[in-house]
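Novice: Starting off with a structure, shown below.
The values are calculated or read from the model by the stated rules, or taken from the named source; none is laboratory data. From a predicted model like this one, the values you see are computed outputs, not experimental measurements. Here the Cβ is made from the backbone with ideal geometry for all residues, glycine too, and neighbour counts use every protein chain on show. What goes into the accessible areas is simple: the full protein's heavy atoms, side chains included, and nothing from ligands, DNA or RNA. Shrake-Rupley method; radii C 1.70, N 1.55, O 1.52, S 1.80 Å.
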Amino acid sequence: RKEVEQDPGPFNVPEGATVAFNCTYSNSASQSFFWYRQDCRKEPKLLMSVYSSGNEDGRFTAQLNRASQYISLLIRDSKLSDSATYLCVVNMWASSNTGKLIFGQGTTLQVKP
Amino acid sequence: EAQVTQNPRYLITVTGKKLTVTCSQNMNHEYMSWYRQDPGLGLRQIYYSMNVEVTDKGDVPEGYKVSRKEKRNFPLILESPSPNQTSLYFCASSPTGASRTQHFGDGTRLSIL
């Protein structure tokens with residue numbers, strides 16, 4: 001089983017749609033969770049951290065379910081500019097200040113007019 | 001401008017010819033890391049460094065070396081490159097540890113023939 005798993009997609013949605021991605025992780029001691037966005041052949045960029053209580057940034061909502069070991073990202077009112085690959089990232093170690101990050105393989109979103 | 005700079009951006013070379021990919025950051029970050037990205041496998045960590053003279057293996061360190069003699073630089077060395085090291089490489093840095101926002105370089109596309 002992969003340490004961090006995502007459905008690779010692609011998810012093809014119309015503009016204005018709401019879309020949700022899930023990500024599961026294997027290490028229950030993991031402390032830090034993130035969603036990154038990567039445009040084609042470009043560098044990943046932090047979209048948002050994921051906090052235990054859930055957090056929202058505009059149209060984006062991230063949630064963490066420790067009991068089930070999954071993270072979700074919800075995008076409301078999808079824009080064409082949201083088309084990208086979304087990477088789920090987990091710091092797998094009990095101490096949040098260590099160096100190892102595990103990236104999921106990414107979920108591709110294509111928003112159509 | 002705060003940035004992570006990788007060089008070269010593109011390189012085509014032959015098996016066995018030693019090469020170095022440089023990475024430099026101007027943000028006084030303690031943590032630096034190297035990743036490779038391959039289709040279907042996502043980003044995988046090669047090596048990371050928590051601070052000067054402190055380096056550790058990531059998930060795929062075989063065939064690579066790193067050094068961290070100065071805070072700003074973290075070169076990736078391929079002593080004897082092989083075709084299976086053909087990949088897209090990213091360098092990243094963050095203030096402290098892997099739990100912080102990581103700033104990525106633009107990437108280096110290596111082709112080993």
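Novice: Can you spot the lysines whose alpha carbon is less than 25 Å from B:Lys17's alpha carbon? Ignore those fewer than 8 places along the same chain.
Specialist: B:Lys57, B:Lys65, B:Lys69
Novice: Here is a further query. Might you tell me the accessible area per residue for the protein assembly as shown, computed with a 1.4 Å probe and given in Å²? All intermediate terms of the calculation are to be shown ahead of the outcome.
Specialist: Working: 10570 Å² over 226 residues.
About 47 Å² of surface per residue is accessible.
Novice: Ignore the peptide's own chain and count Cβ atoms of other chains within 10 Å of each Cβ in B:30-42; give me the average, rounded. All intermediate terms of the calculation are to be shown ahead of the outcome.
Specialist: Numbers: counts 0, 3, 1, 3, 0, 4, 0, 8, 1, 1, 3, 3, 14.
Mean partner shielding for this stretch: 3.
Novice: Loop by DSSP (not H, G, I, E, B), at most 13 other beta-carbon atoms within 10 Å: where is the longest site-free stretch of chain B for trypsin sites (Lys or Arg not before Pro)? Can you show the working numbers first?
Specialist: On the way: sites that count: B:Arg9, B:Lys17, B:Lys18, B:Lys69.
Value returned for the longest uninterrupted segment is B:19-68.
Novice: How about segment A:27-113: which trypsin sites (Lys or Arg not before Pro) there are in a DSSP loop, with at most 12 other Cβ atoms within 10 Å of their Cβ?
Specialist: Values: sites: A:Arg37, A:Arg41, A:Lys42, A:Lys45, A:Arg59, A:Arg66, A:Arg76, A:Lys79, A:Lys100; in loops: A:Arg41, A:Lys42, A:Arg59, A:Arg66, A:Arg76, A:Lys79, A:Lys100.
The qualifying sites are A:Arg41, A:Arg66, A:Lys79.
Novice: For B:48-60, what's the mean count of beta carbons from other chains sitting within 10 Å of each residue's beta carbon? List each step's numbers first, then the result.
Specialist: Details: counts 4, 1, 3, 0, 0, 0, 1, 1, 3, 2, 4, 5, 0.
Whole-number average of other-chain Cβ neighbours for B:48-60 is 2.
Novice: Same structure, new question: Restricting to the protein assembly as shown, what percent of DSSP beta bridges are antiparallel, rounded to 5?
Specialist: Values: 68 of 76 bridges.
DSSP beta bridges in the protein assembly as shown are roughly 90 percent antiparallel.
Novice: Follow-up question, since we're still on this one. Just to confirm a number: summing +1 for Lys and Arg and -1 for Asp and Glu over residues other than B:Leu110 whose beta-carbon lies under 11 angstrom from that of B:Leu110, what do you get? Display every interim value, and only then the final one.
Specialist: Numbers: positive: B:Arg9, B:Arg36, B:Arg109; negative: none.
My count for the surroundings of B:Leu110 gives +3.
Novice: Calculate, axis by axis, the spread of Cα positions in the protein assembly as shown along the three principal axes, and write the results as whole Å, longest axis first.
Specialist: The principal-axis extents, from largest down, are 50, 39, 38 Å.
Novice: Loop only by DSSP, 13 or fewer other Cβ within 10 Å of the Cβ. Give me the GluC sites (Glu not before Pro) in segment B:1-73 that pass, ordered by residue number. All intermediate terms of the calculation are to be shown ahead of the outcome.
Specialist: Working: sites: B:Glu1, B:Glu30, B:Glu53, B:Glu62, B:Glu70; in loops: B:Glu1, B:Glu30, B:Glu53, B:Glu62, B:Glu70.
Counting only loop positions with at most 13 other Cβ atoms within 10 Å, the GluC sites (Glu not before Pro) in segment B:1-73 are B:Glu1, B:Glu53, B:Glu62, B:Glu70.
Novice: Additional query: If you roll a 1.4 angstrom probe over the protein chains with everything in place, what fraction of the accessible area of the protein assembly as shown belongs to carbon and sulfur, to the nearest %? Let's see the in-between values first.
Specialist: On the way: 5130 of 10570 Å².
Roughly 48 percent, rounded to a whole number.
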